[in-house]
Amino acid sequence: DIVVDQEFRGVGIGSRLLGIARQWAAEHDAGKLMVEIPTTNYPAIHFIQNHGLRFCGFNDQYFRNQDISVFFGQTIH
């Protein structure tokens with residue numbers, strides 16, 4: 001899990017962490033980067049879409065608290 005504390009949001013930390021995750025995935029020959037986000041976390045959905053990941057599915061039984069999860073993915077080159 002990757003989370004940026006609220007007081008540090010908006011200064012590029014999340015973008016940097018996502019970039020490092022992409023780099024790690026490429027170095028380890030991962031074909032795709034996948035992210036799951038509860039539908040109730042609109043800021044995270046907006047963030048991930050702005051960084052090029054695209055909606056690729058959902059699961060209505062993913063989280064223990066019954067939140068629906070949406071999945072976003074991106075091919076790693």
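The values are calculated or read from the model by the stated rules, or taken from the named source; none is laboratory data. Keep in mind the model is a prediction, meaning the values are calculated, not measured. Ideal geometry is used to build each Cβ from the backbone, glycine not excepted, and the neighbour counts take in all protein chains shown. For accessibility, only protein heavy atoms count, side chains too; no ligands or nucleic acids. Shrake-Rupley method; radii C 1.70, N 1.55, O 1.52, S 1.80 Å.
Observations on the structure shown:
- Cut-off of 10 Å, at most 15 other beta carbons, DSSP loop: longest stretch of the chain lacking such trypsin sites (Lys or Arg not before Pro): 10-63
- Only protein heavy atoms count here; under a 1.4 Å probe, VAL11 has an accessible surface of about 110 Å².
- Theoretical ellipticity at 222 nm over the chain - DSSP helices of four or more residues, -39500 (n - 2.57) apiece, nearest 500: -9500 deg cm²/dmol
- The chain - Debye-derived log10 I(q)/I(0), Cα point model, q = 0.11, 0.23, 0.26 Å⁻¹: -0.30, -1.15, -1.29
- Charging the Cβ of each Asp and Glu at -1 and of each Lys and Arg at +1, and nothing else, the dipole of the chain about its Cα centre rounds to 200 debye.
- Rolling a 1.4 angstrom probe over the protein heavy atoms with all chains in place gives the chain an accessible area of 75 Å² per residue.
- Long-range amide H partners of CYS56 with built H, under 5 Å: PHE71, PHE72, GLY73
- For region 8-66, the set of chymotrypsin sites (Phe, Trp or Tyr not before Pro) satisfying both a DSSP loop assignment and a count of at most 16 other C-beta atoms within 10 Å is given as TYR62, PHE63.
- Spacing of the modelled spin labels on GLN61 and GLN23, each 7 Å from Cα toward Cβ, amounts to 4.0 nm.
- Carbon + sulfur, % of accessible area of the chain - ligands and nucleic acids excluded, 1.4 Å: 53 percent
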